[in-house]
Amino acid sequence: MHTTSPLIFKLLCILSLLFVTSSAQFFWGLPNRGKGDRLKHAHENNEEDEGNEEDNVPGFGPGRFGFGPGFGFGKPKTGFDDNEENQGTPKKQDQEDKKPIMPDHWKRIFEDGIFKKKPHKVKNKKKEQKKESPKNKFEKPKLPPIQKGGEQGNGQNKQPKLPLPEPVKQGNGQNKQPNLPLPKPVPIPVPVQQGTAETNYQGKWELVSLNSGVSAMHMQLLPTNRLAMFDATSLGKSSIELPPDRCRLIPNTTNQFDCFAHAVEYDLQTNNVRTLKVLTNPWCSSGGLAQDGTLISTGGWEEGEKSIRHYQSCDTCDWKELLDTRLADNRWYATQAMLADGRFVLIGGRRAFNYEFLTPTGNPIPGRIDLPFLLETTDIHENNLYPFVHLAPDGNLFILANFKAILLDVRTNKIVRKYPDLPGGARNYPGSATAAILPINLNNGGTNVDIEVLVCGGGQPLAFGKAEKEGIFLPALDTCGKIQVLNPTSNWEMEKMPAARVMSDMLILPNGEILLLNGAKMGASGWQFADDPNLTPYLYTPSKPNGQRFKVLAPTQIPRMYHSSSAVLPEGKILVAGSNTNPGYQFHNVKFPTELRVEKFSPPYLDPALQNLAPKDVKLLNKVFSYGQIIPFSCNIGAPGVILQNDVMVTLYKPPFTTHGYSMDQRLLNLKITFFGPVLGLGNFQLQVQAPARPELAPPGYYLLFVNYRGVPSTGSWVQLH
């Protein structure tokens, strides 16, 4: 028999005897992890008790007979504090207060008897460490304590008191955290809106053509990036002839022909012109673009007073005149404007105190409606011609004639409001002030939108007669008036220009500023009825306070008097042409010869030092959109620093028909940006803007879309709104 058998036998006997005779004293003396201790543990760790009814049965709680912590099930009992915050701290109670209560006779057996530990050699340090702590495989990793604030439990289990900084109160002051020293924060620059880029650049003039062929009395930018320019057939020989087979039969004759051109199409890329054949006299006519981009020209003089002409731009296209249909009244010095539904309205003209309509395609609608207001505003010199007409956001028409203004509902043919008089003098032809709508802000989505009309310059009521009969040139007006159209209590806000102006043009620039150029400082419109040309453009900034809005720019060297015109181009420059204050083409022996030279003017935003701010590569996914539609596109803004949405503005510009100092149907809308964010590539951005919500804000047709960064515009992109 093996030598260890008696020893095993003795061991079994002792264990049996232990179980039978002393179980109560021995096993009940082991640390009890029943319900009572678990509740204490839960209290110390802010945990809820999840015990069951077995916890109340003696001898069946957790920790008994290997069914609880420390015996292979549940949480191991390691002799260390169970609280995670006190990992590694020995439990004094477990070591001292909770030692098993063992009878003396059993102590002698276990401590002095056969179970007495014998010294042995440590062969392997790692193995010895495992023997010393047989329950290590059940222990949690000893993590650094988590700071929860305050003292733990009932105060019996505490961490060693370490010197800590002064605690900081939080909330009700009960939870405290040590005020540990923090590293000094590094200030991070917060991007801020930079606003319009300031520049001392006063603009630049450049001569781009020596001969436009005809004097540009009328001008219209077309969606093909070409310009229609024309004057009058009654002014005699121009400087360019028609092809021999295209000569014009002079009206009311049978064998007299005019082989000189009186209209051209000007190519912006080449600065070349192509002659056009106009049949009826368009002298002092009106016009505008239809929805499809066709130029609709109406009225004129003599045989052209009731004429309607259409011009669709192409390489071989020419004027088409509706010879079989006529307007309802003579429209000489009349104004043409587009309504919200795409129709045109023709208002006024010499001795025409009424208005009539054209269809959206430019065909006449029979009938005319009397407007006594036009008769009331005329005077001895008819200072109410070419009335200023602007479509308001409610669908009504703001009309200013001479110095009086009304709001006309053309659906009911009733005047819904009369405005206060505009002080100063005569504002319409031949007094010839200039006017425009200030930029329309649609950042609120198009609700509660009003418009402001700005009127600048003009003449004294008797200026025309004094110049015509006495050769005396009265000083022109140097004041501007601005009024809100839909504000029921609005009145004219007056301000002064740097100098007087008459017969000037007013153009809305892509960034929302206003440019005034051309004209004279004395006299009135008419053949040689003005003097002292105003060579200096003015830049008007609507956002600045009254008294600070005007800036004087670089002057031109070419006088632009009566019958001059101008246009905003997609590149952001201004094309200037025309000026003929003579009753024919006269180049010699007159103070102001007929002008055929063409110039371009670069406004201050084209300062070479600012061109790194100009957005580039504007790419639209779609160039035809409807009202309220979201318009997605991308562009590149290579300016240094952080690009903020508030420094970006997207505008829609409706190119006008310009003649006699008034740009008909001109408007600029500041669109609401609904998305702005960078995309892959340095300086690349994706944008979404909302189209105008309704046609009362922007009549249907062609517009130029500009992206402006800090007041510097991109090249314009043609889009169509319908």
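A few remarks follow.
- Under 5 Å, built H, 5+ apart or other chain: amide partners of Trp718: Leu705
- Relative contact order (%) - criterion: Cα under 8 Å, at least six apart; region: segment 569-662: 19 percent
- Residue-span extension gain [Ala499 to Asp341] - 0.36 nm each, minus C-alpha spacing: 52.9 nm
- C-alpha center-to-center spacing [segment 251-311, segment 677-722] in angstrom: 32 Å
- Karplus (6.51, -1.76, 1.60) ³J(HN,Hα), θ = phi - 60°, over segment 453-470, in Hz, Gly and Pro reported as x: 9, 10, 10, 10, x, x, x, 6, x, 9, 4, 4, x, 4, 6, 5, 9, 10
- Residue-by-residue Karplus 3J(HN,Hα) for segment 681-687, coefficients 6.51, -1.76, 1.60, Hz, glycine and proline x: x, 5, x, 8, 9, 10, 10
- Euclidean distance between Cα centres, segment 479-538 to segment 415-430, Å: 15 Å
- Distant-in-sequence amide contacts of Asp258, defined by a placed amide H-H separation under 5 Å and a gap of 5 or more residues or a different chain, comprise Arg248, Leu249, Ile250.
- Relative contact order [Cα under 8 Å, 6+ residues apart], segment 422-506, whole percent: 33 percent
- Leu682-Lys237 FRET efficiency (beta carbon distance; Förster radius 35 Å; 0.05 resolution): 0.05
- Residues whose amide H falls under 5 Å from that of Ile631, counting only those 5 or more places apart or on a different chain, are Val689, Gln690, Ala691, with hydrogens built in the peptide plane.
- Probe 1.4 Å, protein heavy atoms only - accessible area per residue of segment 355-479 in square angstrom: 37 Å²
- Label-point gap, in nm, between Asn546 and Arg417 - each point 7 angstrom along Cα→Cβ: 1.8 nm
- Report note on the peptides 424-433, 344-353, 411-420: ranked by the mean count of other C-beta atoms within 10 Å, highest first, their order is 424-433, 344-353, 411-420.
- Linear extension gain, Asn646 paired with Gln586, 0.36 nm per residue minus alpha-carbon span: 16.4 nm
- Sequence-distant contacts, meaning Cα pairs under 8 Å at least 6 residues apart, place the relative contact order of segment 295-407 at 17 percent.
- Modelled label positions at Ile673 and Val208, each set 7 Å beyond Cα in the direction of Cβ, lie 2.9 nm from each other.
- Between Asn487 and Leu249, the C-beta separation translates, for a Förster distance of 41 Å, into a calculated FRET efficiency of about 0.15.
- With 0.36 nm allotted per residue and the present C-alpha distance subtracted, the Leu620-Thr316 stretch has 106.6 nm of extension available.
- Taken per residue, the accessible surface of segment 557-605 reaches 29 Å², heavy atoms only and a 1.4 Å probe.
- Cβ-Cβ distance of Asn225 and Asp324, R₀ of 35 Å, FRET efficiency by 1/(1 + (r/R0)^6): the value works out to about 0.60.
- HN-Hα J in Hz across segment 520-527 - Karplus 6.51, -1.76, 1.60, θ = phi - 60°, x for Gly and Pro: 9, 9, 9, x, 8, 6, x, 5
The values are calculated or read from the model by the stated rules, or taken from the named source; none is laboratory data. This is a predicted model, so every value here is computed, not measured. Cβ atoms come from the backbone with ideal geometry, glycine included; neighbour counts cover every protein chain shown. For the accessible areas, the whole protein counts, side chains as well, though only heavy atoms, and no ligand, DNA or RNA atoms are used. Shrake-Rupley method; radii C 1.70, N 1.55, O 1.52, S 1.80 Å.
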